């Protein structure tokens, strides 16, 4: 079974990591395991040659998408936290990931700047494009219940017990849909 991708996107210091940690906790209560991947931490760890700049955003998103593809093919569910300033980056994630859910943190630049003493990329707010059609948009990082509600409305939380999953696989094999 292919894993899902939950993209949490917003300006730097908008609370993406906080939302990811709260979501992971809530999903684990529902016996859905998730891995949190932070775009900036992955860049530093796996791709230190890619400097944090406007010119390198596309390259980093492409590599991140490739890594996420490997993880979801293995059946892992992944939360990605990223600034990804351009809407086209979100579209790339959406196109390459079958089970995709976007959370857009619509937190003002002024609030983010209060938390950011030394921005890595000071012009990001000038480049940042708000998401047109996120699955859910929140303005308060404590509104996790809104994310969970929308997630369930879209049917992403339909999790099968292992016995049910095996029965479904057997039926599909008998019908010739899978080997």
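Any read-out appearing in this document is the output of simple, stated calculations on the displayed coordinates, not a laboratory observation. Bear in mind the structure is a predicted one, so any value in this text is a computation, not a measurement. Don't worry about glycine lacking a Cβ; one is built from the backbone with ideal geometry, like all the others, and counts go over all protein chains shown.
Could the peptides 86-97, 14-25, 40-51 be put in order, highest first, of the mean number of other beta-carbon atoms found within 10 Å of their residues?
Values: 86-97: 16.7, 14-25: 19.2, 40-51: 13.2.
Top of the packing list down: 14-25, 86-97, 40-51.
How much FRET efficiency would the formula 1/(1 + (r/R0)^6) give for residue 167 and residue 26, where r is the Cβ-Cβ distance and R0 is 30 Å, rounded to 0.05? Walk me through the intermediate numbers first.
Details: r = 28 Å, r/R0 = 0.93.
Computed FRET efficiency for residue 167 and residue 26 comes out at 0.60.
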